[in-house]
Amino acid sequence: KKAKVLQKAAWSSKIGAFLHSQGTGQLADGTPTGQDAFVLGFDWGSYLMEDDYQAAPVSCFKHVPLFDQWDDVQLGMKVESLNSDAVLPSRVYWIASVVRIAGYKVLLRYEGFEDDSSHDFWCNLGMVDIHPIGWCAVNSKILVPPQSIHAKYTDWRRYLMKRLVGAHTIPADLHIKMAESMKCFFRQGMRVEVVDKTYVSRMRMAVVDTVIGGRLRLLYEDGDSDDDFWCHIWSPLIHPVGWSRRVGHSIKKPEEKRNMMSSHPTFRKIYCDAVPYF
């Protein structure tokens, strides 16, 4: 679905009831706001901003989720995001605009900050705390302006109405489509035929050890402790059991049949089939 264009009649009557204009809050602790502040790992936001690097768009990668729809994400698009600049006992939200796009990540700016980028934050647009405009009204969630600008306007309802009419937002089913596109039928313990990395003109039997974000860690059935192989689920290097015999391709006969792959020196009891954090 294309990005949805907001119409005044669809939400203007509801937004006032869910706009908690009396809310108060404060910045967490000076650290970057948004979901990324709570995720350990490489900080793409700081890296991209440091020298104004440009990220390759999602549409360049035909094997990744929603590659043919991500170009619909536009600068200026509005979303409802978890408000991290608040200290209320319950989770509250606020409207934010997309000011920069980098792959699946977007740089968001809360409405009301205008040209002030001091509270901008990076997040994955597919994360659960990012929603289309109108989600809070439908789900009885509260919209609360950030504490840093709470006193800037006396009538936030009118301000938002002017800002939102005609704006674009993300499709309501974005999270569902993201999850569906990440479904993987590979499971730990499944057998496959994969190219022999030491002799690429033949195949070897392997077992799926780990599934992470569409990538497989395969262990050769007759391999040593470090004899593994990583590839994408759509890689042309892997095939179902029996493929080599059917097409007449060479395949290495296992020297020792492993009935229990748990005895493999590096077989890890790990299974992950969730949507990854990009």
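Listed values, structure above:
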quantity: Carbon plus sulfur fraction of accessible area for the stretch 176-228, probe 1.4 Å, in percent; calculated: 54 percent
quantity: Low-density loop cleavage sites - chymotrypsin sites (Phe, Trp or Tyr not before Pro) in the stretch 185-248, where at most 12 other Cβ are within 10 Å (DSSP); calculated: Phe185, Trp234
quantity: Nearby aspartates and glutamates by direct alpha-carbon distance to Lys253 (threshold 12 angstrom, same-chain neighbours under 8 apart not counted); calculated: Glu193, Asp196, Glu221, Asp222
quantity: C-alpha center-to-center spacing [the stretch 194-251, the stretch 56-91] in angstrom; calculated: 35 Å
quantity: Share of carbon and sulfur in the accessible heavy-atom surface of the stretch 50-107 [1.4 Å probe, %]; calculated: 53 percent
quantity: Filter on Lys78/Lys141; Lys62/Lys183; Lys105/Lys152; Lys177/Lys197; Lys105/Lys197 - keep pairs with C-alpha separation over 25 Å; calculated: Lys105/Lys152; Lys177/Lys197; Lys105/Lys197
quantity: Global geometry of the stretch 96-164, whether rounded, prolate or oblate, following the gyration tensor of its Cα atoms and the 1.5 cut on a/c; calculated: oblate
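The values are calculated or read from the model by the stated rules, or taken from the named source; none is laboratory data. This is a predicted model, so every value here is computed, not measured. For neighbour counting, all protein chains shown are included, and Cβ atoms are generated from backbone atoms with ideal geometry for every residue, glycine included. Note: accessible area is taken over every heavy atom of the protein model, side chains too, but ligands, DNA and RNA are not part of it. Shrake-Rupley method; radii C 1.70, N 1.55, O 1.52, S 1.80 Å.
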